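Notes to accompany the following structure.
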Amino acid sequence: MSIRTEKVASLLQRELSAIFEKELPRSGPLATVTEVRITADLGIARVYVSVIGSEAQRTEVMEYLHAENKMIRKTLSSRIRHQFRRIPELEFYEDRLFEQANRIEQLLKSVKPARDEEQQ
């Protein structure tokens, strides 16, 4: 990734996080922009979102983001249009890294007692 695409990705992550804070319902689950990856031509931004909540809540948030993609992009455009000629298309993906890390941690904890018993 070039320095330019890294800077653009960082800017998009900050601005999208601010938009999420204002646009997503407060009573719903917590959604966080964890990463933005942008293509070399700056045409497409892949936005990775971590959602803390039940499976139904995660699905609801992702459906909302896909349904409101144009509105989110328009809001983003109004915030950063002076810096870009063209705002990249947004693609939203659920980031389940936190969930996977918790699962691995639980598996490791379940293995540790068994190893302790073997050593005794």
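The values are calculated or read from the model by the stated rules, or taken from the named source; none is laboratory data. If you're wondering where the values come from, they're calculated on a predicted model, not measured in any experiment. Cβ: placed from backbone, ideal geometry, glycine included. Neighbour counts: every protein chain shown.
Considering only the stretch 4-26, I want to know if a residue exists there that is buried (at least 16 other Cβ atoms within 10 Å of the Cβ) and outside any helix (DSSP H, G or I). The answer is yes; a qualifying residue exists.
Each residue in the stretch 27-77 was checked for being over 28 Å from residue 1 (Cα atoms) and among the charged types (D, E, K, R), and 5 of them qualify.
Residue by residue, here is whether (1) modelled with pLDDT of 90 or more; (2) among the β-branched types (Val, Ile, Thr) holds:
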position: 8; (1), (2): yes, yes
position: 12; (1), (2): yes, no
position: 30; (1), (2): no, no
position: 63; (1), (2): yes, no
position: 66; (1), (2): yes, no
position: 75; (1), (2): yes, yes
position: 98; (1), (2): no, no
position: 108; (1), (2): no, no
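The set of residues in the stretch 28-51 being in contact with a Pro (Cβ under 6 Å, 6 or more places away or on another chain) and farther than 12 Å from residue 91 by Cα consists of 42, 51. Report, by residue number, each residue of the stretch 50-77 that is farther than 21 Å from residue 35 by Cβ and either among the aliphatic types (A, V, I, L, M) or touching a residue at least 12 places away in the same chain (Cβ under 8 Å) (or both). Correct list: 54, 56, 60, 67, 71. Identify the single condition in (1) free of Cβ contacts under 8 Å to residues at least 24 places away in the same chain; (2) among the aliphatic types (A, V, I, L, M); (3) out of contact with any Ser or Thr (no Cβ under 6 Å at 6 or more places or on another chain) that residue 33 does not satisfy, given that it satisfies every other one. It is condition (3) that residue 33 fails. When restricted to residues that are closer than 21 Å to residue 60 by Cα and at pLDDT 85 or above, the stretch 14-28 contains 6.
Yes or no, residue by residue, for (1) within 15 Å of the chain's Cα centre (by Cα); (2) of a type in the set (Val, Ile, Thr):
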| site | (1), (2) |
| --- | --- |
| 29 | yes, no |
| 32 | yes, yes |
| 62 | yes, no |
| 66 | yes, no |
| 72 | yes, yes |
| 76 | no, no |
| 87 | no, yes |
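Restricting attention to the stretch 38-59, which residues are surrounded by 17 or more Cβ atoms within 10 Å (Cβ to Cβ) and under 15 Å from the mean Cα position of the chain (by Cα)?
Correct list: 38, 45, 47, 48, 49, 50, 51, 58.
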